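Below: the structure, in structure tokens.
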Amino acid sequence: MFRLVIRRLLSSTPLLFMVSALTFVLVSLVPGDPARTIVGQHATEEQYRTVRGQLGLDEPLPVQYWHWLVRVFHGDLGSSLFSGEPVTSVLNNRLPVSISLIVAGTVVSGILGVALGLLSARRGGFLVRIVDGLSLIGLAVPAFWLALVLIAVLAVQLRWFPVTGYVPFADDPAQWARSLVLPVMSLSVGAVAIIAKQTRDSVLDTSTRDFIRVMQANGFSPRSILYRHVLRNAALPVVTVLGVVLVSLLSAAVFVETVFAMPGLGSLTQQATIQHDIPLIQGAVLYITVLVVLVNLLVDLAYGRLDPRVRAA
């Protein structure tokens, strides 16, 4: 298992370089000039050039990227062009919000999705139609639109939950949970449907295999067959879908955090892009890429736990 972790981390290193380089190029193509934004429209040309030089924007793009990489290896992501705060401090303050949202969304999606999938696989009929209908709705309804509907109904009309904002867990655990309910619901509807459908299909497919029929013929109890053999073999595709869902939740969190005014990495990235705050954009993308790499690593570890052939590979 340790060798598996090392291999996956080493294979992910080129991804970090490629994503950071691509982000550098894309940010340079975005209309706008951070130096002009900082000095204002009435500054002299000399003042403008001085600020560009201080920011390193007068250097060729490959040179800027190289200087940034050198700083990253020394643990320095630079400072925000507008607030002047160290990028690392800004991102570390925002990271717990995004992690709370993503982890809660994944847990809720996984539990409800697997439960619905198992029920529909065992009983069929009406539950199958419900899962199929939820899948269509989940794939068709954008998370940000659902977030607006939930705010209008559950927060504004019924006043069950706060409209926007985030309460840290350390300040008030109960209010922290309340502040996450609507964002998690917005993220989870589509994910629940996808996981439920995959769980149902995997369980039904595994149930028709020869070794399951042999155990049924030998008198093994249905409960023992389901929980000890069917679920273990059906779990591999579900784990794959969970990994994909977790990564998709990271991207959807950008919109959900913005709608609910949550101070997370997603809303920070959106604000930094509007302001053309290059160091902050680079740092946020790097953090998000690392999170994606860690998610893929967790999926691989889960595979290794469920399938010994993966550990031996």
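Observations
- A protection proxy built from the mean count of other Cβ atoms within 10 Å ranks the segments 278-284, 294-300, 79-85, most packed first, as 278-284, 294-300, 79-85.
- Gain in span if fully extended, residue 61 to residue 170, counting 0.36 nm per residue against the direct Cα distance: 35.0 nm
- Loop-located chymotrypsin sites (Phe, Trp or Tyr not before Pro) in the range 141-179 (DSSP state other than H, G, I, E, B) with a sparse environment of at most 15 neighbouring Cβ atoms within 10 Å: 160, 169.
- With Cα atoms, 0 to 90° folded angle of helix 87-123 axis to the chain main axis: 20
- Relative to the longest principal axis of the Cα atoms of the chain, the long axis of helix 231-259 makes an angle of roughly 30 degrees.
- Only Cα sites of the range 185-295 enter the Debye sum here, all with the same form factor; the resulting log10 I(q)/I(0) across q = 0.11, 0.19, 0.23 1/Å is -0.53, -0.95, -1.17, listed in q order.
- Potential lengthening of the chain between residue 33 and residue 210 amounts to 57.2 nm, from the contour at 0.36 nm per residue minus the alpha-carbon distance.
- Cα gyration tensor shape for the range 40-83, rounded if a/c is under 1.5, else prolate or oblate: oblate
- Centre separation in Å (Cα based) which lies between the range 134-200 and the range 60-112: 24
- Spacing of the modelled spin labels on residue 88 and residue 11, each 7 Å from Cα toward Cβ, amounts to 3.0 nm.
- Net length available on complete extension from residue 122 to residue 70 is 13.1 nm, with 0.36 nm assigned per residue and the Cα-Cα distance removed.
- Counted charge near residue 64, where neighbours are those whose Cβ lies closer than 13 Å (Asp, Glu -1; Lys, Arg +1): 0
- With R₀ set to 25 Å, the beta-carbon distance separating residue 228 from residue 115 gives a calculated FRET efficiency near 0.85.
- Calculated SAXS-style log₁₀ I(q)/I(0) at q = 0.07, 0.09, 0.10 Å⁻¹ - the chain, Debye, Cα scatterers: -0.38, -0.60, -0.72
- Helix 61-73 and the longest principal axis of the Cα set of the chain meet at an angle near 70°.
- For the range 12-142, the residue among 138, 102, 91 whose Cα projects farthest onto the positive side of the dipole built from Cβ charges is 138.
- Over the chain: helical MRE at 222 nm, DSSP H runs n ≥ 4 each giving -39500 (n - 2.57), nearest 500: -25500 deg cm²/dmol
- Dipole magnitude for the range 5-65: computed about the Cα centre from +1 point charges on Lys and Arg Cβ and -1 point charges on Asp and Glu Cβ, it is near 420 debye.
- Amide H contacts under 5 Å for residue 79: 87, restricted to partners 5 or more places along the chain or on a different chain, H placed in the peptide plane at 1.01 Å from N.
Just so you know, all these numbers are worked out from the coordinates, no wet-lab data involved. Predicted model, so just to flag it, every value in this text is computed and none were measured. Note that we place each Cβ from the backbone using ideal geometry, even for glycine, and neighbour counts take in every protein chain shown.
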